[in-house]
Every structure is written in C-alpha cells, then in structure tokens.
Amino acid sequence: MYIAAGRSFVEQVENRARTIVPDAHWIVVNGDGSASESLEKCELLVLAGDSYTTQFVEAVLKIPAVRWAHTEDAGIDGLFYDTMQSRGVTVTHSPGTNAIEVAEFAFGQILWSAKRLGTLRDNQRAHRWQLLGLESLSDKTALIIGLGAIGQEVAKFAKAFGMRVLGIRQSPTVAVNVDQQGTLADLSQMLPAADFVVLAVPLTPYTRALIGKDELACMKPTATLINVARGAVVDVYALKEALQSGKLRQACLDVLPTEPWPADDDLWDIPNLFITPHNAWSSPLYLPRVADLWLENLQRYVHGEELLHRVR
C-alpha cells in the first residue's frame, strides 16, 4: 500500500501504521510539492503537518490512484475537497482535533477586549502610566454562533467566567453550558443581547457573509466580534465601516477571505481591529491528535469499516 504524506506526519505515524499495514510504503511530499519518489501509485493521501501547503495540494491533486484522502482540517471548503469528491475519492477530515486550542484563542481575544490589553501594551511602549477602566466578564453575554466542538469549548470557558451564554446551531440537540439556544433564523434577535459574538461555524452557502451590514447594525456599539471560523463568514468591508464609524467597538479576526491578507491593504491599520494570521489552531498537541484519528481510520479502512468524519 502506497501512502503519501508530509515528513512530520510520517514521523508521527510510520511505526504504528506498520502494525496495521506491514507492507505500507511511504512517499514523503515536501512543502514545495516535490516528492521522494513518483506519486503515481499512491492509494492513500494525508494532508497534515508542516508540508501541508498550497504547493503540496497542487501536487497531490494530480495523483490518479488515490482512493482515500485525509486532512487535518476542521472545515471542508475549498478546491481540494471539491476536486476529490468530484473524482469519487473518499475524503475524511479532523474536526475537533484543534477545538481546545481554537477555543482558548477565541476566549483569549475576549479577555484582550474586556481587559484592554492592547491599550495597556501601547501605553507601556509609550512609557505612559495611565489607569484604565476595565470590564468584568461576569455581567456580560457571549453569543456563540456554531456549537460544534470549538463553540462548545468556548461556551465552557464563558460559563467558567460567569458569563451568560447564548448559542446558535442548526441541530436541535441542546448544547451544555448554553443558557439560550436558537438557529440561524434567530440571529437578528440574539445579536442585540451580546457583548461578545464568537463565530465558530463552517463555511456553507448559509454562512457565507453571515455577518454583514444588517447584522452588524443589530449589534451593540460596545460589542466585540471574534471570528475563528472562516474569513468569508464576515463581510470585511461592512465590518471596516462599522469599526471606523463607531458602530462596533472592536473585532478580532483570525481568518480573512483572502489569506494571507494583502500587506498594503488599510484593514491592517484600523486601531480597533486585531488581525492574527489564522494562528488559533497552532499547538504541539494538534498533529498527534490528527495522527491518532488517522490511525483509527486506517484500521477501519483495512477492515472495510465505515471511516470516521467522512465528508459527504
């Protein structure tokens, strides 16, 4: 069995994988798209680790024999998924493997906003000793849009800080740590109550530009918007206008519609906008979790069983 993956992933799983597939033959694909040998015979493909780049994807999309492809991704949008599914390739992904880290990051942005950490840091750099009025979280409301693995972790953190938690999900299943739950149809009714709005939804036709001019107008001018979902969930130009006009206090974007965002765009210069480079997932625990999930699926694959987290 020929398997193509990046070097860091191969190092994580190679020995354990041989106990499942003794004749596994690994082909290492580099971040620049080059490979240790021809990819022609690869049946299995893994997109995870430091080699998972645009060049990597472009190279592996050309492999003719792929039967099963697995990614480290939580979301399932983009050219790779569209192409593989159009070819009838089985595709699985890794939802939840970075949920804790992304939720920690999102809640860190809540604290950054409430405790005015950016202003305090600016004052230090200016050698300015100035007491600031800070906020408590125990009298605040968080609205979490998307109650999957990430959203539920954010809800847990929010409750631990004594916050009131509102949540939106399409499933009727009631999430724990959520005081009031609705669907996307309830968005305009829930937005005005929120001091912090956290976006943790997948990108779908229903969530593309979910937060636009009308939704921003529903929010408190003292609210903070945090996006750890996908960049296209927010209309960034409507957000820019809301921030600059004082209709919204702050926003924190770990994701943008184009990544990397153009260095010469003035979005970077908006003082009440905190931009981070799609970094929330980063953790030394992430790749080992993806590896464990893939090994479980490899066991299922060789026994002809249903794979976990298959993209439909």
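For the range 215-267, enumerate the residues that are of a type in the set (S, T, N, Q) and either part of a strand (DSSP E or B) or assigned by TED's automatic domain parsing to the domain that holds GLY75 (or both). Let's see the steps before the verdict.
Quick first cut of the range 215-267, residues of a type in the set (S, T, N, Q) only: 222, 224, 227, 244-245, 250, 258.
Scanning the range 215-267 gives THR224, ASN227, GLN250.
Check ILE150 against each of (1) in a loop (DSSP other than H, G, I, E, B); (2) farther than 24 Å from LYS247 by Cβ and name the one condition it does not meet.
Checking ILE150 against (1) in a loop (DSSP other than H, G, I, E, B); (2) farther than 24 Å from LYS247 by Cβ, the one that fails is (1).
Can you name the condition, by its number, that THR90 falls short on among (1) assigned by TED's automatic domain parsing to the domain that holds GLN189; (2) in contact with a helix residue (DSSP H, G or I) (Cβ under 9 Å, 6 or more places away or on another chain); (3) hydroxyl-bearing (Ser, Thr, Tyr); (4) surrounded by fewer than 19 Cβ atoms within 10 Å (Cβ to Cβ)?
THR90 satisfies all of (1) assigned by TED's automatic domain parsing to the domain that holds GLN189; (2) in contact with a helix residue (DSSP H, G or I) (Cβ under 9 Å, 6 or more places away or on another chain); (3) hydroxyl-bearing (Ser, Thr, Tyr); (4) surrounded by fewer than 19 Cβ atoms within 10 Å (Cβ to Cβ) except (1).
I need the full set of residues from the range 179-207 which are in a strand (DSSP E or B) and either free of Cβ contacts under 8 Å to residues at least 24 places away in the same chain or farther than 24 Å from GLN250 by Cβ (or both), in order please. Explain how you work it out, then say what you get.
The first filter runs over the range 179-207 and keeps only residues in a strand (DSSP E or B), leaving 180-182, 196-199.
Selection gives GLN180, GLN181, GLY182.
All but one of (1) in the same structural domain as ALA149 (by TED's automatic domain parsing); (2) assigned to a helix (DSSP H, G or I); (3) within 30 Å of PHE9 (Cβ to Cβ) hold for TRP294; which doesn't?
Of (1) in the same structural domain as ALA149 (by TED's automatic domain parsing); (2) assigned to a helix (DSSP H, G or I); (3) within 30 Å of PHE9 (Cβ to Cβ), only one is false for TRP294: (1).
So which of LEU216, LEU166 ends up being closer than 19 Å to ALA103 by Cα and either touching a helix residue (DSSP H, G or I) at 6+ places or on another chain (Cβ under 9 Å) or buried (at least 23 other Cβ atoms within 10 Å of the Cβ) (or both)?
Numbers: LEU216 fails: closer than 19 Å to ALA103 by Cα.
None of the other options fit; the residue is LEU166.
Any idea how many residues of the range 33-57 are in a strand (DSSP E or B) and more than 25 Å from SER282 (Cβ to Cβ)? Lay out the reasoning, then the answer.
Going through the range 33-57, the residues in a strand (DSSP E or B) turn out to be 35, 44-47.
From what's left, more than 25 Å from SER282 (Cβ to Cβ): 35, 44.
The qualifying residues number 2.
Tell me which residues, restricted to the range 276-291, are in contact with a strand residue (DSSP E or B) (Cβ under 9 Å, 6 or more places away or on another chain) and either surrounded by fewer than 18 Cβ atoms within 10 Å (Cβ to Cβ) or assigned by TED's automatic domain parsing to the domain that holds PRO221 (or both).
Result: THR276, single match.
Could you please tell me which pairs satisfy a Cβ distance under 7 Å, a separation of 6+ or placement on different chains, a first residue in the range 39-56 that is surrounded by fewer than 21 Cβ atoms within 10 Å (Cβ to Cβ), and a second residue that is of a type in the set (S, T, N, Q)?
Pairs that qualify, where the first residue is surrounded by fewer than 21 Cβ atoms within 10 Å (Cβ to Cβ) and the partner is of a type in the set (S, T, N, Q), are ASP50/SER8.
I need the full set of residues from the range 258-273 which are more than 22 Å from LEU111 (Cα to Cα) and surrounded by fewer than 16 Cβ atoms within 10 Å (Cβ to Cβ), in order please.
Passing the criteria: THR258, GLU259, PRO260, PRO262, ALA263, ASP264, ASP265, ASP266.
Quick one: SER36 ticks every box in (1) touching a Leu at 6+ places or on another chain (Cβ under 8 Å); (2) modelled with pLDDT of 95 or more bar one, so which box is it?
Unmet condition: (1).
Sort out which residues of the range 58-107 are in a helix (DSSP H, G or I), under 18 Å from the mean Cα position of the chain (by Cα) and of a type in the set (Val, Ile, Thr), and write them in order of number. Working first, answer last.
Here is the first cut: in the range 58-107, the residues in a helix (DSSP H, G or I) are 58-60, 79-86, 99-107.
If we keep only those that are under 18 Å from the mean Cα position of the chain (by Cα) too, we end up with 79-81, 99-107.
Answer for the range 58-107, where residues must be in a helix (DSSP H, G or I), under 18 Å from the mean Cα position of the chain (by Cα) and of a type in the set (Val, Ile, Thr): ILE100, VAL102.
Given the structure, is ALA24 under 18 Å from TYR301 (Cβ atoms), surrounded by 20 or more Cβ atoms within 10 Å (Cβ to Cβ) and touching a helix residue (DSSP H, G or I) at 6+ places or on another chain (Cβ under 7 Å)? Quick ask: steps written out before the conclusion?
Values: under 18 Å from TYR301 (Cβ atoms): yes; surrounded by 20 or more Cβ atoms within 10 Å (Cβ to Cβ): no; touching a helix residue (DSSP H, G or I) at 6+ places or on another chain (Cβ under 7 Å): yes.
So ALA24 fails the test.
The values are calculated or read from the model by the stated rules, or taken from the named source; none is laboratory data. None of the values given here were measured: they were computed from a predicted structure. Don't worry about glycine lacking a Cβ; one is built from the backbone with ideal geometry, like all the others, and counts go over all protein chains shown.
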